[in-house]
Amino acid sequence: MLSIAIFLLLQTINTAAEERLQAFFKTEHNSVLFDETPISEERSDSLISCSRRCTRDKRCMSANFIKSDKTCFLLDKTRATHPERLLKQANVIHLEKVNSGLGSIQQLAAPSCQSLPSAIHPSGIYWVDPDGGSHDNAFKVYCEMKTDGGGWTLVWSYKFTNYEPFWTSANAVTPRPSWSALNGVNVPVSTTPPMNETDYNAIDFQLWREFGKEILIKSNINNWLVCSPDTGSLVEWQDGNVICKIVKRVNEMCPDGPTYRF
Ligand SMILES: *[C@@H]1O[C@H](CO)[C@@H](O)[C@H](O)[C@H]1NC(C)=O
């Protein structure tokens, strides 16, 4: 009689580079994913240490743990990609990295921050690959997973060149994204994804539309807004109105502002 038990393991590992790696595994008892070319074959004391090896190895997508001789085979295949290879075998546990590790490594790049289930993904840095296909062009972004349901990609973080004379032409936001600007706008252009809210950078403006059309604007001087396109759209670079709602009030002097037009 084949008994199947499925549970989830969460692994959080600090590698030498102090990059926080995390992966969930689904385990299936008395099952093996047949693979004549495993990434590695190593002795492993337990299922946990086998899963830990797989968490550390960016190529590893699943593993077979042979209980009798405590051997851990790391594989770059999965039952999803090779369903015909999943066989019943006593005393073997098959482990598979599942979606919950989404965005934690380049091979598990998520399509967007929005595709990460916010309940188990805190705000932080994740791998994303908005154009899909090969993950070779995946890159890291900061996902804001808390405000208004979460799933926001941090596309731009800026400060002011000269905050004190706020209304004079001596003041500008810096850096600016790679959108067209009038001659004479003399601040650096950034195409480097910001890694947190105080890393003043911008994702290449051409990529913004791939993350969505709604915009969350956070500020420490104005109320926070979520804006959707109407006749206008920021990501489509189209003049007109956008529809905004306040999602957090931080400014008591202008409780109903600001209103935005792009
Ligand atoms: C923000 O990100 C930058 C660039 O990766 C890093 O140098 C800085 O330490 C980070 N700051 C915080 C508060 O995490």
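The values are calculated or read from the model by the stated rules, or taken from the named source; none is laboratory data. Please read all numbers here as calculations on a predicted model, not as lab measurements. Note: ideal-geometry Cβ built from the backbone for every residue, glycine included; neighbour counts use all protein chains shown.
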Matching residues in the range 121-138 - criterion: being in a loop (DSSP other than H, G, I, E, B) and under 24 Å from residue 198 (Cα atoms) = 121, 122, 123, 129, 130, 138
inquiry  = It is to be established whether one or more residues within the range 163-174 are assigned to a loop (DSSP other than H, G, I, E, B) and at positive phi.
reply    = no
request  = Have a look at 212, 232 and point out the one that is at positive phi, away from the ligand (no atom under 16 Å from the Cβ) and not hydrophobic (A, V, I, L, M, F, W, C).
outcome  = 212
request  = Just one of (1) surrounded by 15 or more Cβ atoms within 10 Å (Cβ to Cβ); (2) out of contact with any strand residue (DSSP E or B) (no Cβ under 6 Å at 6 or more places or on another chain); (3) at pLDDT 85 or above trips up residue 159, so point out which.
outcome  = (1)
request  = Scan the range 215-229 for residues that are hydrophobic (A, V, I, L, M, F, W, C) and within 16 Å of the ligand (Cβ to nearest atom) and jot them down.
outcome  = none
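Residue-by-condition table, conditions (1) exposed (fewer than 13 other Cβ atoms within 10 Å of the Cβ); (2) of a type outside the set (Asp, Glu); (3) more than 16 Å from the ligand (Cβ to nearest atom):
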residue: 172; (1), (2), (3): no, yes, yes
residue: 176; (1), (2), (3): no, yes, yes
residue: 180; (1), (2), (3): yes, yes, yes
residue: 186; (1), (2), (3): yes, yes, yes
residue: 191; (1), (2), (3): no, yes, no
residue: 195; (1), (2), (3): no, yes, no
residue: 202; (1), (2), (3): no, yes, no
residue: 207; (1), (2), (3): no, yes, yes
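Residues are listed down the side, and each one gets a yes or a no for (1) surrounded by 19 or more Cβ atoms within 10 Å (Cβ to Cβ); (2) part of a strand (DSSP E or B):
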| position | (1), (2) |
| --- | --- |
| 38 | no, no |
| 45 | no, no |
| 54 | yes, no |
| 60 | yes, no |
| 65 | yes, yes |
| 79 | no, no |
